1. Based on what the data block shows, is Ala182 more than 23 Å from Phe318 (Cβ to Cβ), of a type outside the set (Asp, Glu) and either open to solvent by less than 10 Å² (accessible area, probe 1.4 Å) or without any contact (Cβ under 8 Å) to a residue 40 or more places away in the chain (or both)?
2. Which members of the stretch 288-324 meet the condition of being open to solvent by 40 Å² or more (accessible area, probe 1.4 Å), without any contact (Cβ under 8 Å) to a residue 60 or more places away in the chain, within 20 Å of the chain's Cα centre (by Cα) and under 19 Å from Thr250 (Cβ atoms)?
3. For Val258, indicate whether it is modelled with pLDDT of 95 or more, open to solvent by 60 Å² or more (accessible area, probe 1.4 Å) and β-branched (Val, Ile, Thr).
4. Could we say that Gly47 is modelled with pLDDT under 75 and more than 10 Å from Pro113 (Cβ to Cβ) here?
5. Can you name the number of the only condition in (1) assigned to a helix (DSSP H, G or I); (2) surrounded by fewer than 23 Cβ atoms within 10 Å (Cβ to Cβ); (3) over 14 Å from the mean Cα position of the chain (by Cα); (4) of a type in the set (A, V, I, L, M) that Leu59 fails?
6. Among the residues of the stretch 162-177, how many are within 13 Å of Ile205 (Cβ to Cβ), touching a residue at least 24 places away in the same chain (Cβ under 8 Å) and of a type in the set (Phe, Trp, Tyr)?
7. Within the stretch 200-243, how many residues turn out to be within 22 Å of Gly311 (Cβ to Cβ) and open to solvent by less than 30 Å² (accessible area, probe 1.4 Å)?
Amino acid sequence: MQRVTPTPDANVHGQVADAVRGNWVDTLAPAATRPYLRLSRADRPIGTWLLLLPCWWGLTLAMLSDRSPRWEDLWIFVGCGLGAWLMRGAGCTWNDITDRDFDGSVERTRSRPLPSGQVSLKQAVAYMGLQALLACAILLTFNTTAIALGVLSLLPVAVYPFAKRFTWWPQVFLGLAFNWGALLAWTAHTGSLGWQPLVLYVAGISWTLFYDTIYAHQDTEDDALIGIKSTARLFGDNTPRWLRRFLVITVLLMAVAVVGTVDTRGSTLSLVMALAGPWFMGWHMLWQLRQFDPDDNPTLLRLFRVNRDTGLIPLIFFLAALLV
């Protein structure tokens, strides 16, 4: 595909098309920083939440596994938040670098900083490197095993932008990258991996398939024209059936991880409270499924964004289980 030249009416100074109206980047950030903040999706925080929440799931379940929360966990909690913001930004910058020839041909993405000419390729590469270095500094404060997992996470992050060019299931690669924090945060607390965070990780991947299939339905027409693959295009009219499957898999696997983590000899109420997390998460996903309309882009974007609340539900119940 030929390089897309920014059009004269490119949104050089305005917001990105799918950003929330009146976001802090467009209204409060210094003008010189706005293109870079838009490049890292600071004006669209949902992605940071979706990357961060599996980290917090892994941390809280790890604390439930040994019932020994400590002050160090507070730093892991905060460090995951900062790291998620930075790595989401670095990952989005990398995604925009690799997709710069595609984004200009898609209505929803042509106003992004690279295709609209707000930043140059060299500036984007330098900004990506800066974000990655800052995230690395945070990672180095964790234990050795967690550091190794953090370095390994770069593999799915690097591959994901290319996945939609060779597979109809690029959302799997997104899930591999976005839920890696469940493994890392568990290990940051316990010092080693177990089967429970691995099951939680797969539950998170299923959740990603759920919400990102909804998201991808916004671009099916443009994606078909330029040859981009996605589960939305693959499933077509069968999408509701597949979303239902992802819902069930997410809830069941998260419940298995909970049962394998919480020691019932300590408190049965704690187990019940923790299991309520995936249960109510499933009901929230079912509500989304009932609202799903593949031809209504505003609703698709709204449903994608409410997955912050979907992911917060189990976290709240996991934290409550720690207190009983």
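The values are calculated or read from the model by the stated rules, or taken from the named source; none is laboratory data. All figures in this text were calculated on a predicted structure; none of them were measured in a lab. For neighbour counting, all protein chains shown are included, and Cβ atoms are generated from backbone atoms with ideal geometry for every residue, glycine included. Ligands, DNA and RNA are excluded from the accessible area calculation, which covers all protein heavy atoms including side chains. Shrake-Rupley method; radii C 1.70, N 1.55, O 1.52, S 1.80 Å.
1. no
2. Asp309, Ile316
3. Details: modelled with pLDDT of 95 or more: yes; open to solvent by 60 Å² or more (accessible area, probe 1.4 Å): no; β-branched (Val, Ile, Thr): yes.
No.
4. For Gly47, the condition - modelled with pLDDT under 75 and more than 10 Å from Pro113 (Cβ to Cβ) - is not met.
5. Going through the list (1) assigned to a helix (DSSP H, G or I); (2) surrounded by fewer than 23 Cβ atoms within 10 Å (Cβ to Cβ); (3) over 14 Å from the mean Cα position of the chain (by Cα); (4) of a type in the set (A, V, I, L, M), Leu59 breaks only (2).
6. Summing the residues that are within 13 Å of Ile205 (Cβ to Cβ), touching a residue at least 24 places away in the same chain (Cβ under 8 Å) and of a type in the set (Phe, Trp, Tyr) in the stretch 162-177 gives 1.
7. Final tally of qualifying residues: 22.
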